[in-house]
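The structure appears below as C-alpha cells.
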Amino acid sequence: MADDLISLNEAARIAGVAPSTLQRWARAGVIPVKQGQWTTAAAAQARVVGRMRERGHSLDELRRAVREGRLAFGYVEDLLPGRERALTREQAAERAGLEEALIERMMALLGTPTAVEGTLNDQDAVAMEWIADVLRAGFPLVALLQLIRVYAQSIRKIAEAEVRLFHLYVHEPLIRQGVDALQMAEEMEGLARDLLPLTSPLMEYIHQRYLRFYIEQDVVGHMEAELGPQRQLGRVQMAFCFVDLTGFTRYTEEEGDEEAFDLVERFVETVEATLPAEATIVKTIGDEVMIVSRDPVTLTEWAVGFLALFQERPQPRVGVHYGRAVYRDGDYFGTEVNLAHRVVARAQGGEVMVTTSVVDGIGKSNYLEFDPIGEVDLKGFPEPVDLFVARPREPVDA
C-alpha cells in the first residue's frame with residue numbers, strides 16, 4: 001500500500017545500517033523489495049538480516065533463507081508497531097508523575113531492552129501512566145511490583161507459545177509448499193491480521209473467568225480463616241501437593257525424548273482435567289506438577305483417585321502437606337512447601353504420602369485411610385517427620 005512506503009534513509013534508520021548497505025542487500029536478494037520501493041516491513045526484515053550478519057551468517061545463507069521463506073518477518077512491523085519516537089526515563093517519569101527510579105524498575109521487571117538503553121517509546125510511556133493511575137487509586141506498590149512481574153512472566157510464555165505454534169502450523173507448511181518469499185509474507189500478514197484482534201478478547205474472557213473464581217475463593221477463605229494474632233501478612237494456609245513420575249529419567253533414556261514428552265503431556269493433561277475446582281496448578285517443572293488447595297480433604301481424595309485413574313508407566317507418586325507459606329509472584333515459598341517437596345521424594349510409585357498435618361486436617365473420613373510408616377528423616381529437616389500412606393477406605397462388610 002502507498003501509505004506503507006518510506007524513504008531509503010528512513011528504512012536505514014529502522015534497520016540500523018547504512019543506506020548503501022540496504023541497497024546492497026536488496027540487490028543480493030536478501031531483502032525482497034518491489035521496484036525499489038521501501039516499506040516498514042522491508043526495513044524490519046533488514047533489521048533481522050543485520051542481526052544475522054552480526055552473528056556471522058553469509059549473504060548466501062541469508063539469500064537461501066529468504067528464498068525458503070524463513071525470514072518472512074516484516075509483516076510484524078505493521079501489525080505490532082513499537083518503534084515510535086524515543087523518550088528518556090526522565091521525560092517518561094515527568095509525563096506519568098512517577099519517580100525516574102521507579103520507571104527504571106518497572107521497565108526492568110517487564111524485561112525490555114529499553115531498560116538497558118534508558119529510553120522508552122510512546123507505548124511504554126502510556127503504560128507508565130496506567131501504572132501511575134493504579135498507584136494513585138491506592139494499590140500498594142509492593143503488590144503492584146509483584147503483579148507486574150507475574151504479568152510479564154505469564155504473558156511472555158503466552159507470546160512465545162503463540163509465535164512457536166504459528167511457526168509450526170503456518171510458517172513451516174508454507175515453506176514446505178515452496179511458496180515465494182513475498183507471497184509468503186503477504187499470506188502470513190493476512191492470517192496474522194485476522195487472528196490478532198481475536199487474541200486480546202479471548203485472553204480478557206479467560207482472565208475475567210478466573211478472576212471471578214479466585215475472588216469468590218478469597219471471600220470464602222477469609223470467612224473460614226482464623227483471624228487471631230498469629231495471622232501474618234503475606235502468609236496463607238494451604239495444602240501443598242507435588243506429583244511426579246517415578247523413574248522418569250530412565251524412561252526417557254529407554255524410550256527417547258519424544259515418547260517421554262508425549263507421556264508428560266498426557267500426565268499433565270490428566271491432572272488438569274481431573275483436579276477439583278478449588279485446586280490450582282502453580283507450576284510444572286518437567287514431569288513434576290505443584291498443586292495447591294485450601295481444602296486438604298478434596299485434594300488428598302483427588303490424589304488417591306488420580307493414581308487409580310492414571311495407569312501408565314512410569315507410575316505417578318504424590319506428596320501432600322498442609323501448612324502456611326509465603327505467597328509471592330504467583331508462587332508459594334517457605335519451609336512448609338519444601339517439606340511437601342521432600343515428602344513426594346520418599347513416596348513409591350502409586351503412593352500418596354502425607355504428613356500428620358494432612359491427617360489432622362482431614363480428620364475422620366468415610367473415603368480415606370492412613371497407614372503410618374513411622375518417623376522418616378527428610379533432607380534439610382533436623383527432626384524426623386511422621387508420614388502416612390493415604391489409600392481408599394476398604395468397604396465395611398454388612
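In table form, for the structure just shown:
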read-out: Amide hydrogen neighbours beyond the local backbone of GLN315, cut-off 5 Å, H modeled; value: THR246
read-out: Amide hydrogen neighbours beyond the local backbone of LEU87, cut-off 5 Å, H modeled; value: LEU120, ASN121
read-out: SER58/ILE285 FRET efficiency (R0 45 Å; Cβ-Cβ; nearest 0.05); value: 0.70
read-out: Long-range amide H partners of ALA279 with built H, under 5 Å; value: none
read-out: Using θ = phi - 60° and Karplus 6.51 cos²θ - 1.76 cosθ + 1.60, couplings along region 345-352 (whole Hz; Gly, Pro as x); value: 5, 8, 7, 8, x, x, 10, 10
read-out: Shape category assigned to region 237-340 from the gyration tensor of Cα positions, a/c cut at 1.5; value: prolate
read-out: For peptides 141-152, 41-52, sequence by mean Cβ density within 10 Å, most packed first; value: 41-52, 141-152
read-out: Residue exposure sequence - VAL354, VAL163, VAL385 - by fewest surrounding Cβ within 10 Å; value: VAL163, VAL385, VAL354
read-out: Selection of GluC sites (Glu not before Pro), region 271-320, meeting DSSP coil and at most 15 other Cβ within 10 Å; value: GLU312
read-out: Phi to ³J(HN,Hα) by Karplus 6.51 cos²θ - 1.76 cosθ + 1.60 over region 11-18, Hz, x for Gly, Pro; value: 4, 5, 5, 5, 6, x, 9, 6
read-out: Pair ILE155, GLU265: separation of 7 Å Cα→Cβ label points (nm); value: 2.8
read-out: Sorted by Cβ density within 10 Å, fewest first, the residues VAL389, VAL337; value: VAL389, VAL337
read-out: Loop trypsin sites (Lys or Arg not before Pro), region 304-371 (other Cβ atoms within 10 Å of the site Cβ: 16 or fewer; DSSP); value: LYS364
read-out: Order of HIS57, HIS207 - criterion: other Cβ atoms within 10 Å of each residue's Cβ, fewest first; value: HIS207, HIS57
read-out: Phi-based couplings in Hz for region 97-109 (Karplus 6.51, -1.76, 1.60; Gly and Pro marked x); value: x, 10, 6, 4, 5, 6, 4, 4, 5, 4, 5, 5, 4
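Read the figures in this text as sums done on the coordinates, not as results from a lab. Treat the numbers as computed from the prediction; the structure is a model and nothing was measured. Backbone-built Cβ (ideal geometry, glycine too); neighbour counts: all protein chains shown.
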